[in-house]
Structure formats: C-alpha cells, structure tokens
Amino acid sequence: MRADTEELYKRRIIQFCRFHPDPDQASSAALWLQSIAGIQTVQPLSPHALAVVYDLRQLTLQCVECALRELGYHLDNSLLCKLKRALFYYTEETQRENLAITEECDTTRREVFVNRYQHVAHGCRDPQPEYWREYQ
C-alpha cells in the first residue's frame, strides 16, 4: 500500500486540563517538543491547547501524549477528548501497520527527557574541564 506524503503528516490539537498549577501548559510543553525528531511544528493556540504537526512514520500521537504525561503535564480527560484520542490512536496504529512500521516510540520519550535534562538546572554536571577528568 502506497501512502501519499500528505497523509503521513498528522495535524493534531492536544488539549490540557484547565485545573493545573501551571497556567500555561501549552507553551511550556511546546518548548520540550520543539527539538524532537519527527515533529514538524509545535504552536500553542491558547494556554490550554497545543497544535502539533508530526510525521507518522517517526512517531504517533500516543507517543507524544505519553511523553507529556511522564513530564507531569495533565491532559484534558473530558469525554469528547477521550473519544477523539481513542480514534486517533486506533487510526494511526492501523495506518502504521499498513505501512509495515512496527518500531516503538521509545526514542521519542528518550529525546524529550534528554532535552529536559539539558535545560533543567541540577547538580549532576561536572564543573571540571574535559581534559582534567582523565587524571585521578
């Protein structure tokens, strides 16, 4: 089965829960998702909505939302959002199966966490220059 390239780029809107300590979850989530391979564009539409365009050959909506949940973001769990989410998960999984793409999206989660690790201030970095680390 041959797929048009336009069908492989999915445009989705991710809705966030309104009752969360972070009043602008969409903007902060956009910062984490910008440098992920497979994501073409990320644009916050409002403080609670994020527009994402991604390549289905590299990742799925389920992978993106799972990574966001693991980072602590709260997605909207209204009935309409759950139904849309289930439909998107099913259609994307079926389309990937028809294209013979069976790889998991672990690399997406890893890239999100590496991106977050590089931007968060923490005490896990060695202040010594690289050439001093060889001497003990």
Revision key, fill the gap. To the nearest 0.05, the calculated FRET efficiency linking Gln128 and Leu71 through their beta-carbon distance, R0 being 35 Å, is 0.70
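Against the globular-protein guess of 2.2 N^0.38 Å, express the Cα radius of gyration of segment 22-83 as a ratio, rounded to two decimals.
In units of the globular-protein estimate, segment 22-83 measures up at 1.08.
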Check your understanding: How much of the calculated P(r) for segment 1-48 lies past 16 Å, in percent of all Cα pairs?
Key -> 49 percent
Check your understanding: How far, in nm, would the chain grow between Glu97 and Ile13 when pulled straight, counting 0.36 nm per residue and subtracting the alpha carbon separation?
Key -> 27.9 nm
Study note, to complete from the structure: Expected vector for segment 23-38, Karplus 3J(HN,Hα) from phi with 6.51, -1.76, 1.60 and θ = phi - 60°, integer Hz, x for Gly and Pro, equals x, 10, 4, 5, 5, 5, 5, 4, 5, 6, 8, 4, 9, 7, 5, x
Exercise for review: Restricting things to alpha carbons, find the Rg to Rh ratio for segment 5-116 using the Kirkwood radius for Rh.
Suggested key: 0.94
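Read the figures in this text as sums done on the coordinates, not as results from a lab. What you see is a predicted model; the values in this text were computed from it and never measured. As a convention, Cβ positions derive from the backbone with ideal geometry for all residues, glycine included, and neighbour counts pool all protein chains shown.
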